[in-house]
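Derivation of every value follows stated rules applied to the coordinates shown; laboratory data play no part. Model, not experiment: these values are computed from the prediction. Cβ: placed from backbone, ideal geometry, glycine included. Neighbour counts: every protein chain shown.
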Amino acid sequence: MNRDLLPGDLVLAHSKGAFAVLIRFGQWLRPSWRPYKKWNHAAIVVDVGGMGAPLCVQMGRRGQLSPLSDVAPGGYVEIRPLPAGVDRTKAVHYAKEQIGVKYSVAAIFSIALTLLTPKMFHFDFRRKGDSLICSALVARCWEHGGWSCPTDPFQITPAELAKATEGD
């Protein structure tokens, strides 16, 4: 990384495990995402740690505060800067409010069905209420800071986040 880590930055992760492989395969199905398919998880930096470890909010079974080192056990991460013009304080504040929010299995099924069917079909099984997937967590945090998400923020994938932040 060529710059200092800052709160609000995106953590893209390539982790191990069957679920990670399935996410990467699903992203491979969309040709425009293929250059970014290596990323299967995302988190947002909320504290650079000072003398301690940097902390992130990420989605496990629920939104959780985790050391950066726990975001991709056995894998690797890349840090991307917060997009220009996004209010870092608002994005981080929203991220911290998502600790405890449930993981959205319904969003994962929606994305999978959308990827496996012709492009004219779009599925959205989201239930009302608060639930997110990892990349939606980051997109929604940034939206609260003023970011204009290029797609449905509740169904954005790690590959789409990587594509949207390329060159930042």
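Can you list the residues, at least 5 places off or on another chain, whose amide H is less than 5 Å from the amide H of G75, using H built in the peptide plane?
K16
No solvent, one uniform scatterer per C-alpha: report log10 I(q)/I(0) for segment 10-164 via the Debye equation at q = 0.15, 0.18 1/Å, two decimals.
-0.74, -1.09
With θ taken as phi - 60° and the coefficients 6.51, -1.76 and 1.60, list the Karplus ³J(HN,Hα) couplings across segment 61-76 in order, rounded to whole Hz; mark glycine and proline as x.
5, 9, x, 9, 8, 9, x, 3, 5, 9, 6, 9, x, x, x, 8
For the chain, what does the helix formula give at 222 nm: sum of -39500 (n - 2.57) over DSSP H segments with n ≥ 4, over the residue count, nearest 500 deg cm²/dmol?
On the way: 5 runs with 51 residues, N = 168.
It lands at -9000 deg cm²/dmol.
Select from V46, S32, T89 the residue farthest towards the positive end of the dipole of the chain; place +1 on Cβ of Lys and Arg, -1 on Cβ of Asp and Glu, and compute about the Cα centre.
S32
For segment 12-17, take each phi angle, set θ = phi - 60°, evaluate the Karplus expression 6.51 cos²θ - 1.76 cosθ + 1.60, and give the result in whole Hz per residue in order, putting x for glycine and proline.
Result, ordered by residue: 9, 10, 10, 10, 9, x Hz.
Taking each pair of distinct Cα atoms in segment 1-94 once, what is the resulting Kirkwood hydrodynamic radius in Å? Don't skip to the answer; put the middle values down first.
On the way: mean 1/r = 0.0712 Å⁻¹.
It is 14.0 Å.
Residues in segment 67-87 near a label at L6, defined as backbone nitrogen under 11 Å from the 7 Å Cα→Cβ point?
81-87
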